[in-house]
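Novice: Before anything else, here's the structure in question.
Rule-based calculations on the coordinates, nothing more; no lab input. Keep in mind that what you see is a predicted model, and the values were worked out from it rather than measured. Glycine also receives a Cβ, built like all others from the backbone with ideal geometry; neighbour counts cover every protein chain displayed.
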């Protein structure tokens, strides 16, 4: 969740914030409140009731700042590429996948999950992240 728009749209469409877990990448302060507001607006525009519950947000994956790599994101990026041929970017989707891995570990056995991949591949090719796939611990990959 960067701006919160995708999470808000999913919550509005599903009618329940409890069915959507956003992974905060550190792009926006007050993200949970933004998601709540955007979801209510989207639902109203679609003629639906506002989604039930409160926004669910994993805030443990953002790292030091927006765009800063994390070790968990690097692990998730590599695992997705090696096991599923799924390419992720280091800014958004690798952090989201790290959040998915954590959520699955904590969920009851048999819980169904869907990962919504919203793009971001060009971020993987940015010169800032050039060493990500070739080094064991890329620059800035703490936490």
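Novice: Mind grabbing the base-10 log of I(q)/I(0) for the stretch 7-48 at q = 0.14, 0.24, 0.27, 0.28 Å⁻¹? Debye formula, identical points on the C-alpha positions, no solvent, two decimal places.
Specialist: Each listed q corresponds, in turn, to -0.29, -0.76, -0.90, -0.95.
Novice: Extension gain residue 52-residue 65, at 0.36 nm per residue separation less the Cα-Cα distance, in nm? Working shown, then result.
Specialist: On the way: separation 13, 0.36 × 13 = 4.68 nm, distance 3.04 nm.
Computed gain between residue 52 and residue 65 is 1.6 nm.
Novice: Would you mind computing, in nm to one decimal, how far apart the modelled labels at residue 27 and residue 104 are, each placed 7 Å from Cα along Cα→Cβ?
Specialist: Roughly 2.3 nm, to one decimal.
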